[in-house]
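Worksheet for the structure shown next.
The values are calculated or read from the model by the stated rules, or taken from the named source; none is laboratory data. Computed from a predicted model, the values in this text were never measured in an experiment. Every residue, glycine among them, receives a Cβ derived from its backbone with ideal geometry; neighbour counts consider all protein chains shown.
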Amino acid sequence: MTKTIILVAIVIVAVLLMVLSRIKKVESSVTQTLPGTITKSTNQVKNDKLVMVKTVKLDLLKQAIEQFCKSYNQESYVALPRLIVLNDLYIVIFPYDIDFERFCYFINYLKYPIDIDLKIYKPNIVAWCSTNSQDAWMTDDIANKNVMIYIPEWDKESYLSLVSCNEQRII
């Protein structure tokens, strides 16, 4: 009887050791893609940056978001978006905030991602946020206002056009 208990105990310990070694392997492969000594913020920052995306497949949208994050989170975490799925409507928020310039780059990247076939990936994107007079590209017309940001339908070649309008429809 005691031999059976000892044998069962040895098997349990062996299984635990195998499980723990696999967890460490998975953990190490994930952390290799993250910034080395930079820690991710745990404090959420109140902001109203929101991106609404329609007319795309979820897997392609996730791929575009992951590519953007991988590109911008090299030295520090500057882009930590959260994707919310509502049937065929996708909402992206930034619970840890993102500066206005990178927010605009994010919108642009979702529209024109690298390594995703734009013949099958044709998102309809609209975003909203509040601006600050210190934000990049700010003009007096849109500084310190709630704005809607979108890429117009006629934008086919520049890949950099973002048009903003506020409540008074100033463009």
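The table below lists the values:
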| item | result |
| --- | --- |
| Residue in the stretch 56-65 that is at pLDDT below 95 and more than 17 Å from Y150 (Cβ to Cβ) present | no |
| Subset of the stretch 123-139 (residues that are of a type in the set (A, V, I, L, M, F, W, C) and in contact with a strand residue (DSSP E or B) (Cβ under 6 Å, 6 or more places away or on another chain)) | I125, V126, A127, W128 |
| Positions within the stretch 95-145 being surrounded by 13 or more Cβ atoms within 10 Å (Cβ to Cβ) and among the β-branched types (V, I, T), in sequence order | I98, I107, I116, I125, V126, T131, I142 |
| Subset of the stretch 109-151 (residues that are under 17 Å from I93 (Cα atoms) and among the polar types (S, T, N, Q)) | N124, S130, T131, N146 |
| All positions within the stretch 81-94 that are surrounded by fewer than 18 Cβ atoms within 10 Å (Cβ to Cβ) and of a type in the set (A, V, I, L, M) | L83, I84, V85, L86, L89, I91, I93 |
